[in-house]
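The next block holds one structure in the form of structure tokens; read it before the comments.
The values are calculated or read from the model by the stated rules, or taken from the named source; none is laboratory data. As the structure is a computational prediction, the values presented were derived from the model and not from experiment. So basically every Cβ, Gly included, is an ideal-geometry build from the backbone, and we count neighbours across all protein chains shown. Only protein heavy atoms, including side chains, enter the accessible area calculation; ligands, DNA and RNA are left aside. Shrake-Rupley method; radii C 1.70, N 1.55, O 1.52, S 1.80 Å.
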Amino acid sequence: MSLISDGNVRSGSVFKDISADYEDSQPTEIESLCMNCYQNGLTRILLTKIPFFKEVIISSFTCPNCSWSNTEIQSAGRIQDQGIIYTLKVKSKQDMNREVVKMDSATTRIPELDFEIPPYTQKGSLSTIEGLLGRAVAGLQQDQPLRKASAPEVAVKIDEFIDKLNVLKEGESEFTLVIDDPSGNSFVENPFAPQKDESLSISHYKRSPQQDSLLGIKAEDEDDEEKPSNDIDTMRDEVLKFNTNCPECNAPASTNMKLVQIPHFKEVIIMATNCDDCGHRTNEVKSGGATEELGTKITLHITDVSDMSRDLLKSETCSILIPELEFELGMAAVGGKFTTLEGLLKDIKDLIVSKNPFTCGDSVTSDRTEKLKVFGQKIDKIMAGEMDVHIVLDDPAGNSYIQNVYAPDPDPEMTIEKYTRTFEQNEDLGLNDMKTEGYQE
């Protein structure tokens, strides 16, 4: 049975923007079996786009016979290149209202209670932290009558645990919430955007082969892969091209890759993707060398609008700070880029203001909207040279760069500081477990 009627499929994508005025964006209704009373119920399926987020499949089931209902959200987009871990310190009742997108591949943990919801045991959901805890309580209470009859001692312990979850749900006790999603498609709201959320930490990691298998990602046969050329001079003169998928519409696209020498710096790899279907363009920069022995902190004092044309290389391990705005953007939030200072500020504005998934909809507050609007106006003033600020690039891998327009002389408005990385920074870069000598043993 086709889930999309012919009226819904026009010349564009079957995933339509959410709009109350668009009559074709009505859910598809399918009669289906209720797994509670085994009578027929009704499933509604909607293929849509969450503004500034991604394509999703929303389904809702209701049974008129037993009143049982169920909702589910699934990502219709691509699996991200890396997994993601959100660690949130829940300290107040307000934190319980944070919106959370939790995919079915995500693991949810509360270390204080030694509590874990394994992946694929719950369907994906768009909820709040309070809603996540409420869903966990409902799942534990589901079979309690049967447990009290067959295993009373176990039922008593589960009741005690449910009471502990209810205490956390009411915001009466602080706790830590960890969401680990190897697909990289889960999300936890930062209500303080564009400022840094001190209670929320985000880290990315490379998936294991077992996680790739669970996500249905099939590793390519190494024997079928083309062996890369070892001639560096040939690679410098050649633009490599390989097939991929568009990160916006998931249509087949091509990516061009080129090895480039940046004057007074080092070699980098620039990758650019252009989608013929939706017109989306993106570029990404990877360091062509090794991780430096020392981290690098570059501070540029913006004194004139001409500073906006400075070339800038931001690696994926680099964080961005604007002290005058009390703004900090962590590593991997924007990704590796080779652009100008103006281009970087435009990307920051798009990420925080224009493409923030929680700046629209019924849950958005006027205070948050106004705060983000003011932040966007300040970014515009910086790009126009009307605001005296400092831009700080802090890269523990030492692979970021801002153009020195006075080269080879020192730049009076720019300071470059080399520093020794902390243990935590080496851990984020994967250097603590790296053994380069005596690894044969």
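Dipole orientation for the range 78-158: of the candidates 146, 126, 88, 126 has the Cα lying most toward the positive pole (charges on Cβ; Lys, Arg +1; Asp, Glu -1). Size descriptors for the range 65-142, from the alpha-carbon set: Rg then Dmax equal 13.8, 44 Å.
For 92, 315, write out the residues from largest to smallest accessible area, computed with a 1.4 angstrom probe and no ligands counted.
Largest accessible area first, the list is 92, 315.
Return the carbon/sulfur percentage of the accessible area of the range 145-223, one whole number, probe 1.4 Å, all protein chains in place. Within the range 145-223, the accessible surface is 52 percent carbon and sulfur.
Under 1.5 on a/c is rounded, so check that first for the range 55-98, then, if it is not, pick prolate when a/b is larger than b/c and oblate when it is not; a ≥ b ≥ c are the square roots of the alpha carbon gyration tensor eigenvalues. All intermediate terms of the calculation are to be shown ahead of the outcome.
Details: a/c = 3.88, a/b = 1.31, b/c = 2.97.
Oblate, since a/c reaches 1.5 and b/c is not below a/b.
Taking amide H as placed 1.01 Å from N in the peptide plane, the amide H of residue 327 sits under 5 Å from that of 322, each at least 5 places away or on another chain.
Pairwise Cα distances in the range 304-420 exceed 19 Å in 50 percent of cases. Structure note, pairs 164/355; 286/378; 169/378; 258/373: Cα-Cα distances above 32 angstrom occur for 164/355; 169/378; 258/373. Packing order of peptides 266-273, 203-210, 392-399, highest average first: 392-399, 266-273, 203-210 (average count of other Cβ atoms within 10 Å over each peptide's residues). Placing unit charges on the Cβ atoms only, positive for Lys and Arg and negative for Asp and Glu, gives the range 368-441 a dipole magnitude near 460 debye about its Cα centre.
For the range 307-359, what does the alpha-carbon gyration tensor say about shape, rounded, prolate or oblate, given a ≥ b ≥ c as the root eigenvalues, a/c under 1.5 as rounded, and a/b over b/c as prolate? Walk me through the intermediate numbers first.
Details: a/c = 1.44, a/b = 1.37, b/c = 1.05.
Rounded, since a/c falls under 1.5.
Per residue, the range 111-197 exposes 52 Å² of solvent-accessible protein surface, assessed with a 1.4 angstrom probe and all protein chains in place. Separation of the range 151-215 from the range 79-130 is 4 Å, based on Cα centroids.
Between the range 373-441 and the range 270-348, what is the separation of their alpha carbon centroids in Å? Here the answer is 9 Å between Cα centres.
Rolling a 1.4 Å probe over the protein heavy atoms of the range 277-415, with every protein chain left in place, gives an accessible area that is 47 percent carbon and sulfur.
Of 49/371; 196/297; 89/371; 89/346; 349/371, which sit over 21 Å apart, Cα to Cα? From the list (49/371; 196/297; 89/371; 89/346; 349/371), the Cα-Cα distance tops 21 Å for 49/371; 89/371; 89/346.
Roughly to the nearest percent, how much of the accessible area of the range 36-116 is carbon and sulfur, given a 1.4 Å probe? Display every interim value, and only then the final one.
Values: 1910 of 4070 Å².
Of the solvent-accessible surface of the range 36-116, carbon and sulfur hold 47 percent.
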